[in-house]
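Visitor: Here it is, the structure in full.
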Amino acid sequence: MKVVNHEFWEEITQITTAQQVIIDRPKGQPHPHYPEMIYPLDYGYIENTSASDGGGIDVWVGSLQTKMLTGILCTFDTLKRDAEIKLLLACSARDVETIINFHDHAMKILYIPKPKD
């Protein structure tokens, strides 16, 4: 049985358009704790939101021109035993693959694409 919660997607989309996206790790920059990990796309958070790590909700911004919500990436860090969500904005299929590969070394990943309207 396939169930799509349209209210969930409407609310999460609303937050991505109503709040500013802060890019604190631009494409090409190293991870602050793991300098060998270079960010393949812009990465940051959504202002005035909160996540389990105490920061804002994480966001990846892809290469598409339209900054629409593409989907959600659920990550489980097997070393820290920590789970998070990351919103994907303007991500092509290639961007999603790149993001998954970036996280894949120590994390289990679930990508949930935004359903078509």
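Table: residues versus (1) among the aliphatic types (A, V, I, L, M); (2) over 21 Å from Pro30 (Cα atoms); (3) modelled with pLDDT of 85 or more.
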| site | (1), (2), (3) |
| --- | --- |
| Ile72 | yes, yes, yes |
| Lys80 | no, no, no |
| Lys86 | no, no, yes |
| Cys91 | no, no, yes |
| Arg94 | no, no, yes |
| Thr98 | no, no, yes |
| Asp104 | no, no, no |
| Ile112 | yes, yes, yes |
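Visitor: In the stretch 1-57, which residue that is of a type in the set (Phe, Trp, Tyr) and assigned to a loop (DSSP other than H, G, I, E, B) is farthest from Ile99 (Cα to Cα)?
Guide: Only one residue fits best here, namely Tyr34.
Visitor: Let me ask something else. In the stretch 35-55, is there at least one residue being exposed (fewer than 15 other Cβ atoms within 10 Å of the Cβ), among the charged types (D, E, K, R) and under 21 Å from Asp104 (Cβ atoms)?
Guide: yes
Visitor: Do you know which residues across the stretch 63-117 are under 23 Å from Ser52 (Cα atoms), out of contact with any helix residue (DSSP H, G or I) (no Cβ under 9 Å at 6 or more places or on another chain) and hydroxyl-bearing (Ser, Thr, Tyr)?
Guide: Thr78, the sole residue that qualifies.
The values are calculated or read from the model by the stated rules, or taken from the named source; none is laboratory data. Note that the coordinates shown come from a computational prediction; the quantities given were computed from them, not determined experimentally. Glycine gets a Cβ as well: all are built from the backbone with ideal geometry, and neighbour counts include every protein chain shown.
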